[in-house]
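To start, the structure under review is shown below, and the notes come after it.
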Amino acid sequence: MNRLLPVALACLAAGPALAQNDCAAGHTISEGTLTIATGNPAYSPWVLNDDPASGEGFEAAVAYAVAAEMGFAPDQVSWVRTSFDQAIQPGAKDFDLNMQQFSITPERDRMVDFSEPYYSSAMAVLTRASVVEAEDLSPDLDSLKGLLWGADANTTALPVLMALISPERDPRLYGDNTDVTAAMKAGQIDAALFDLPTALYLAAVALDDGVILGQFPSERSENPDRFGMLMPEGSALKPCVDAAITTLRENGTLAELEVKWLQDATGVPVID
Amino acid sequence: MGLLDLQGVTKSFGDTPVIRGIDLAIDEGSLTCLIGASGSGKSTLLRIMNLLEPIDEGAVLLDGQDISQPGLDPQPIRQRIGIVFQSYNLFPHMTAAENVMLAPRRIKHLSRAELQAPVTALFDRFGLTDRMDRYPDQLSGGQQQRVAILRALAMQPQIMLFDEITSALDPELVGEVLDVLRQLRDDGMTMVLATHEMGFARALADRVCFLDQGRIAEEGRPAQVFGNPRHERTRAFLHRVL
Amino acid sequence: MRHTSQTRREIFETRQRRRANLLAAGSTAAVLLALVLLVPRAPGWDAVQRAFFDGQIFLDTLPGLARAFVLDVAIFAWCAPLIALLGLAAAIARGIRRPALTPLRLAAIAYIDIFRGLPVILVIYLVGFGIPGLGLPRPWNSPYLWGSVALVLVYSAYVAEVIRSGIESIHECQRAAALSLGLSEAHVMRDVILPQAVRRVVPANMNLLIALQKDVALLSFIGPVEIFRQAGVYKSLLANFTPYVGAALIFLAVTIPATRYADHLLARQQRARS
Ligand SMILES: Nc1ncnc2c1ncn2[C@@H]1O[C@H](COP(=O)(O)OP(=O)(O)OP(=O)(O)O)[C@@H](O)[C@H]1O
Ligand SMILES: [Mg+2]
């Protein structure tokens, strides 16, 4: 029961009343319910406490806002968990929308459908104070090239890393955030590239002496890291989802949710 | 006192007494045959002499030295007492010559080259020259058993123990192995032989011991033990096997 | 006459053999035909084909995968000899009879029991992140180093058990014969027992080597970009599983010949024993 309160709050934040809109009718995997997938586990700040149904965390809040736009009340939203692999595997899916910081790329778009982006992220360099001190690091490309880099293998961080920094030594890759930070603590890598919100979260929570050395603003990179909701290729739901996200962007809701759930990144230096 | 003396030796496996007080003196240069029913303790007695089995009570003396006291390093003793088993037990991953050379190489630190001449001579003497480079599974049972004897001889032991070395052989191969024993006897080797070959024991042994349930029930010259056994049990045994 | 013309029995057997061959060929062809004809008719085949068997993606990613596979081979190449040595040492320590060395024997037993019982991936995490986390400086905290240590620890425990089973399969008489010559325990082990024991367990160890070749991929969890991690990267970027198929094919190209060779050794050994 106490769960309903935050959910209701999230809905209020999402804007005015639930627009009764039937563009999704007949297109969801179970009638009258919007099934949304998140990761297992789901990470902060995207979903707080690994509990998407609370509506807390940026993606959880956006999910309820989008659902509301599409005509689904909070109690008509149901959550499932998938890995990245389950999200892209062929065959019947058990979700309508899959939301776990999937970057939109043309290559991925050939295999699955993406919604309009709901967030555009800068890429940020996560490192440790001890490394900054030892290597006398400054937020410029030259001092970054010589570092030993790591990244989450399942993200688009690797191509960005290679394109923007092109480190001297081959980067090391890991299966998830936890392993990247474990390698950092073990001194096996100096720095890792993440989307800015994730980097901020990890610097604050996962590492004792985590530092954001700097960011590459999204508009600067060739392929800005834009997150979209993933749908099965040819999903009939796409126009409906796109319309909802466009509305939320235009009426300022997305910006409000960013302010509410994502840490303030002002002050993070820009790398040039 | 003999070269090898057993004095009041007893040995049990768990609760089962197997050797129940044996006194036996092996004279230098003599051939002693141990006969007796299966399970009477012949093999165990030989293994005791080679220190492969520890004893419970009594003593085993080699040249007057008590070799049965616990804690004694058995290696130098075993080098002086060779033993050959019923089942040959050649090392299957080595050729016949390598089998024979192993102990001198490791213990006397002789090289293969140094050993080549004496080992070849040994093979020559027992008619095995052309078998030196064969592996055990390429040899007949009789040849394998003869190589096993050479292997024990290579350390130039003072005493040789033989445990039913012809029992696993086809009858037509028994002769060639017994010939080796004859040769050794003529060389004056001290030998103890557990055997079912009554004919051989009768013809060549200096002394025959009849083992019965872990005791020496009767001993004497072969003519006496075989021709005129004093004990009823000896008579019954001989009656069964002859 | 017997030599030039066939006996009735031979004619019968030839006919039987021909019939059996025909049947085998026929049934194999039928199964293959069914697979080729029926699978593509399944309603999801198009999607499956696009996700797993995209020809262009296959060709584009194969060179990168092959380059990453070199790392698998290298890790395998430096782990295998170390595993042989440590496995042998543990097997020998496990079999020590001398009372004074009982602690060594107990240590070997504990080591073998523990590392055989743990999932490889857990050991890789523990050793690969844990030990460097104690504060080792570079290059001594390398994931290659500690990942390899983890593999060596786990696989040596398996190899030790295999060698021990080989040692125990050598008949006690071989030991007695060697001891009776006056050889020391160490020489008996080195010259008589081990050469026979190790030879006997070659096929079992070959199987372990093949398993090792596959488990090398687990090192990717702690950073090294070997073939399966590389395939995962391609998969993630392209949202397509075809790179895994490429990686699997590269693996099979190595493991199938190795498996056949192990079987061949096993068969030869069984022939030799019978
Ligand atoms: N290692 C052992 N553990 C327990 N009992 C044993 C052992 N070795 C021998 N025995 C027992 O000791 C007794 C004597 O055995 P041994 O082999 O000395 O007899 P043997 O006279 O050589 O017989 P055979 O003519 O059959 O060779 C037998 O009852 C046997 O079962
Ligand atoms: Mg016996």
For this session: Send over the semi-axes of the range B:128-242's equivalent ellipsoid, whole angstrom and largest first, taken as the square roots of 5 times the C-alpha gyration tensor eigenvalues.
Result: 30, 16, 12
Problem set entry | Part-to-part distance (alpha-carbon centres) for the range B:176-238 and the range C:227-274, which is given in Å | 66
Exercise. For the range B:110-170, rounded, prolate or oblate, judged on the Cα gyration tensor with a ≥ b ≥ c (square roots of eigenvalues), a/c < 1.5 rounded, else prolate if a/b > b/c?
Worked result: oblate
For this session: Assign unit charges at the C-beta atoms only (+1 for Lys and Arg, -1 for Asp and Glu), then state the dipole size of chain A relative to its Cα centre in Debye, rounded to the nearest 20.
Result: 340
For this session: Return an integer: the convex hull volume of the alpha-carbon atoms of the range A:61-160, in Å³ per residue.
Result: 155
Exercise. Rounded if a/c is under 1.5, else prolate if a/b is larger than b/c, else oblate: which is the range C:1-108, with a ≥ b ≥ c the root eigenvalues of its Cα gyration tensor?
Worked result: oblate
For this session: Calculate for chain C the 222 nm mean residue ellipticity that helices alone would give, adding -39,500 (n - 2.57) per DSSP H run of length 4 or more and normalising by residue count, nearest 500 deg cm²/dmol.
Result: -25000 deg cm²/dmol
Seminar exercise, completed: Note, the range C:215-230: 3J(HN,Hα) by Karplus (6.51, -1.76, 1.60, θ = phi - 60°), whole Hz, Gly/Pro = x, goes 6, 3, 4, 5, 4, 4, 4, 10, x, x, 8, 9, 4, 6, 5, 4
Seminar exercise, completed: Of the range C:159-176, those with amide N under 19 Å from the point 7 Å along the Cα→Cβ vector of C:ASP113 are C:159-165
Seminar exercise, completed: Given the candidates A:VAL180, A:TRP79, A:SER44, the one whose Cα lies deepest towards the positive end of the charge dipole of chain A, counting +1 at each Lys or Arg C-beta and -1 at each Asp or Glu C-beta, is A:TRP79
Seminar exercise, completed: Set A:LYS238/C:LYS214; A:LYS145/C:LYS214; B:LYS11/B:LYS108; A:LYS145/C:LYS235; C:LYS214/C:LYS235, cut-off 30 Å on Cα-Cα distance; pairs above it are A:LYS238/C:LYS214; A:LYS145/C:LYS214; B:LYS11/B:LYS108
Problem set entry | With eigenvalues of the C-alpha gyration tensor scaled by 5 and rooted, chain B, Å | 30, 22, 15
Seminar exercise, completed: Note: B:79-88 gets an average of partner chain Cβ contacts (10 Å, Cβ to Cβ) equal to 3
For this session: Shielding by partners for A:176-186, please: the mean number of other protein chain Cβ atoms within 10 Å of each residue's Cβ.
Result: 4
Exercise. Taking other Cβ within 10 Å of each residue's Cβ, how do C:SER27, C:SER220, C:SER165 sort, fewest first?
Worked result: C:SER27, C:SER165, C:SER220
Seminar exercise, completed: Neighbour-count ranking for B:HIS239, B:HIS196 (other C-beta within 10 angstrom, fewest to most) reads B:HIS239, B:HIS196
Exercise. Label A:GLU250 and A:GLU133 with points 7 Å out from Cα along Cα→Cβ: what is the distance between them in nm?
Worked result: 5.3
For this session: Only helical DSSP H runs with n ≥ 4 go in: add -39500 (n - 2.57) per run for chain A, normalise by residue count and round the 222 nm mean residue ellipticity to 500 deg cm²/dmol.
Result: -8500 deg cm²/dmol
For this session: Could you give the size of the charge dipole of the protein assembly as shown about its Cα centre, using +1 on the Cβ of each K and R and -1 on the Cβ of each D and E, expressed in debye and rounded to the nearest 20?
Result: 4440
Problem set entry | Translational diffusion of the range C:150-245, µm² s⁻¹ [Kirkwood Rh, Cα pairs; Stokes-Einstein; 10 °C; 1.306 mPa s] | 97
Exercise. Hey, got the dipole for the range C:56-273? About the Cα centre, +1 on K and R Cβ, -1 on D and E Cβ, debye to the nearest 20?
Worked result: 400
Exercise. What average number of partner chain Cβ atoms lie no more than 10 Å from the Cβ of the residues making up A:83-93?
Worked result: 4
For this session: Using just the helices of chain B, give the 222 nm mean residue ellipticity in deg cm²/dmol: DSSP H runs with n ≥ 4 each add -39,500 (n - 2.57), and the total is spread over all residues, rounded to 500.
Result: -11500 deg cm²/dmol
Problem set entry | Filtered GluC sites (Glu not before Pro), the range A:31-74: DSSP coil and at most 16 other beta carbons within 10 Å | A:GLU31
Exercise. The range B:1-17 to the range A:63-90: how many Å between their Cα centroids?
Worked result: 87
Exercise. Roughly how large, in nm² to one decimal, is the mean projection of the convex hull of the alpha-carbon atoms in the range A:19-66?
Worked result: 3.7
Exercise. Toward the positive end of the charge dipole of chain C, about the Cα centre and with charges on Cβ (Lys, Arg +1; Asp, Glu -1), which of C:ALA177, C:TYR234, C:SER220 goes farthest?
Worked result: C:ALA177
For this session: First measure r as the distance between the Cβ atoms of A:THR178 and B:LEU110, then evaluate 1/(1 + (r/R0)^6) with R0 = 56 Å and state the FRET efficiency to the nearest 0.05.
Result: 0.30
Seminar exercise, completed: Between the residues C:GLN196, C:VAL154, C:ILE75, the Cα farthest towards the positive end of the dipole of the range C:56-273, that dipole coming from +1 and -1 charges on the beta-carbon of Lys, Arg, Asp and Glu, is from C:GLN196
Exercise. Over its Cα atoms, what ratio of radius of gyration to 2.2 N^0.38 Å does the range A:123-220 give?
Worked result: 0.93
Exercise. Once the Cα atoms of the range C:56-273 are picked out, what are the Rg and Dmax in Å?
Worked result: 20.6, 70
For this session: Could you tell me whether chain A comes out rounded, prolate or oblate from its Cα gyration tensor? Rule is a ≥ b ≥ c as square roots of the eigenvalues, rounded for a/c under 1.5, then prolate if a/b exceeds b/c, otherwise oblate.
Result: prolate
Exercise. Taking other Cβ within 10 Å of each residue's Cβ, how do A:TRP79, A:TRP261 sort, fewest first?
Worked result: A:TRP79, A:TRP261
For this session: Considering only DSSP beta bridges where both residues belong to the range A:123-220, give the percentage that are antiparallel (nearest 5).
Result: 70
Exercise. If each of B:GLN65 and B:HIS93 carries a label point 7 Å out from its Cα toward its Cβ, how far apart are those two points in nm?
Worked result: 3.3
Exercise. What are the semi-axes of the equivalent ellipsoid for the protein assembly as shown, taken as the square roots of 5 times the Cα gyration tensor eigenvalues, largest first, in whole Å?
Worked result: 81, 32, 24
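FYI, it's all coordinate maths here, none of it is from the lab. Keep in mind it's a predicted model, so treat the numbers as computed, not measured. Cβ atoms come from the backbone with ideal geometry, glycine included; neighbour counts cover every protein chain shown.
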